[in-house]
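I have placed the structure first, in the form of C-alpha cells, so that the comments after it can refer back to it.
The values are calculated or read from the model by the stated rules, or taken from the named source; none is laboratory data. Bear in mind the structure is a predicted one, so any value in this text is a computation, not a measurement. Cβ sites come from the backbone with ideal geometry, for glycine too, and all protein chains shown count toward neighbours. We work out accessible area using only protein heavy atoms, side chains counted, and drop any ligands, DNA or RNA first. Shrake-Rupley method; radii C 1.70, N 1.55, O 1.52, S 1.80 Å.
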Amino acid sequence: RVKHMNRRSFIQQSTGMLFVIPTIAAKPQPNYLNNIGIQLYSLRKPINENLKQTVDEVARMGYKQVEAYDFPSSKSLDMIKRAREKGMQVNSSHFQWDSLLNPDPKKLPSFEKVVELAHKNELTDLVVPYLHTHNRVDLEAYQKTAELLNRGAELSKEAGIRLAYHNHAFEFQPMLGGKTGYDVFIRSFSPDMFFELDVFWVKVGGVDPVSQIQYLENRISQLHLKDLRSGFKCPNFGKVKPEDFVEIGDGQIPMNPILKAAGSAGVLHCHIEQDHSSSPLSSMEKSLLHLTMG
C-alpha cells in the first residue's frame with residue numbers, strides 16, 4: 001500500500017500524528033497503566049515454544065498492548081496477528097535494524113520494504129533495538145549512525161511511522177573529550193528521529209532516568225520499564241548478568257517518578273520488559289501486578 005499512496009497523503013498523515021506529542025504534553029498526565037504494554041522479547045523462550053499460547057497468556061494477565069520484535073519476520077507477524085485477535089493493541093515493533101544501518105539485499109529486506117510492511121500492518125512506530133560494535137566504535141561512528149537514522153526517519157515519516165532508537169548502557173560511556181554516543185544522538189538526531197528510552201540501561205549507564213526524560217522532553221516516543229537489582233553499582237559498562245534483571249518493585253529503580261515524568265514529557269506508550277528471567281511469564285505478571293496494584 002505504501003507504493004500506491006501519494007507522498008502528500010503520507011506527509012499529511014505523519015504531520016498530523018507528530019503534532020500529537022506536544023498536544024499530549026499540554027494535557028493532564030496520561031495513565032499509562034490503563035494501556036500498559038509489554039515488549040514480547042521478554043517472553044522469547046515461551047514464544048519459541050508456543051507463540052499463540054504465550055500471547056494468550058499475556059492478554060489474560062491484563063496487558064493492553066504488545067511491542068513485537070524482529071519485524072518483519074514471520075514470527076513477528078504472527079505475534080501482531082495473535083495479539084490483535086486477543087484484543088490487544090500493537091503500535092510498535094523492534095525491527096531488523098541492519099536493513100537500515102548495514103543493508104545486505106541477500107540477507108535482509110530493504111528498509112523501504114520494512115516501512116511498507118509496517119504501514120500495511122498498521123504500526124505507528126519502528127524501533128532500532130541495538131547497534132553492532134562498528135556502528136558505535138567511536139564518536140565518528142555514532143555520527144555516521146545518526147545520519148543513517150535520520151534518513152530512515154525521513155522515509156518512515158512519509159508512511160506515517162515514527163522511527164526511534166532504543167538505548168543500552170554503552171551509549172553513555174565517555175569517549176573522546178568526555179562526550180558520549182548519546183550526546184551525539186541528542187545533538188544530531190533530526191526532529192523526526194525519536195528515542196525509545198530504556199530506564200534500566202539509562203541507570204546502568206550512570207544517568208538518572210527521570211532527569212534524562214526531563215532533558216529529552218518530547219523527543220521520547222516510548223519507554224521501557226524494567227528494574228535493576230538492588231546493590232548493583234552504576235555506571236557499569238562491562239557485563240550485566242542475567243540475575244541483575246529483576247521484577248519491577250524488587251530493585252532500585254522507582255517507577256512512579258518515571259511515569260510522572262513521562263506524562264509531562266508527552267511520552268506516548270510505556271512497555272514493561274525484563275531481558276532475562278528463569279520464569280519469564282511469572283516475572284512479567286509480577287511486574288504488571290506491582291505497577292497496577294500499587
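Residues in segment 248-284 that are crowded, with 21+ Cβ neighbours inside 10 Å and under 22 Å from residue 55 (Cα atoms): 248, 269, 270, 271, 272, 273, 274, 283, 284. Applying the criterion of being surrounded by 20 or more Cβ atoms within 10 Å (Cβ to Cβ) and over 13 Å from the mean Cα position of the chain (by Cα) to the residues of segment 35-60, the residue that is farthest from residue 277 (Cα to Cα) is 36.
Condition (residue is at pLDDT 95 or above, within 23 Å of residue 156 (Cβ to Cβ), touching an Asp or Glu at 6+ places or on another chain (Cβ under 7 Å) and among the polar types (S, T, N, Q)) applied to segment 63-72: is it met by at least one residue? Let's see the steps before the verdict.
First, the residues of segment 63-72 that are at pLDDT 95 or above: 63-72.
With the extra rule that they be within 23 Å of residue 156 (Cβ to Cβ), the set shrinks to 65-72.
Adding the requirement that they be touching an Asp or Glu at 6+ places or on another chain (Cβ under 7 Å) leaves none.
The answer is no; no qualifying residue exists.
Residues checked against (1) under 23 Å from residue 244 (Cα atoms); (2) at pLDDT 95 or above; (3) not in a helix (DSSP H, G or I):
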position	(1), (2), (3)
186	no, yes, no
191	no, yes, yes
195	no, yes, yes
200	yes, yes, no
207	yes, yes, yes
211	yes, yes, no
216	no, yes, no
224	yes, yes, yes
228	yes, yes, yes
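Checking each residue in segment 124-140 for being open to solvent by less than 10 Å² (accessible area, probe 1.4 Å) and in contact with a helix residue (DSSP H, G or I) (Cβ under 9 Å, 6 or more places away or on another chain) picks out 125, 126, 128, 131. Among residues that are farther than 15 Å from residue 40 by Cα and either at pLDDT 95 or above or more than 18 Å from the chain's Cα centre (by Cα) (or both), residue 110 is included.
Can you tell me which residue is nearest to residue 176 (Cα to Cα) among those in segment 103-149 that are part of a helix (DSSP H, G or I) and among the acidic types (Asp, Glu)? Don't jump to the end; show me each part of the working.
Filtering segment 103-149 down to residues part of a helix (DSSP H, G or I) leaves 111-120, 133-135, 139-149.
Those left that are additionally among the acidic types (Asp, Glu): 112, 116, 140, 147.
On the way: 112: 34, 116: 39, 140: 10, 147: 19 Å.
Step by step, filter segment 103-149, then rank; the result is 140.
For segment 61-75, the candidate set comprises residues that are touching a helix residue (DSSP H, G or I) at 6+ places or on another chain (Cβ under 9 Å) and assigned to a helix (DSSP H, G or I); within that set, the residue that is most open to solvent (accessible area, probe 1.4 Å) is 75.
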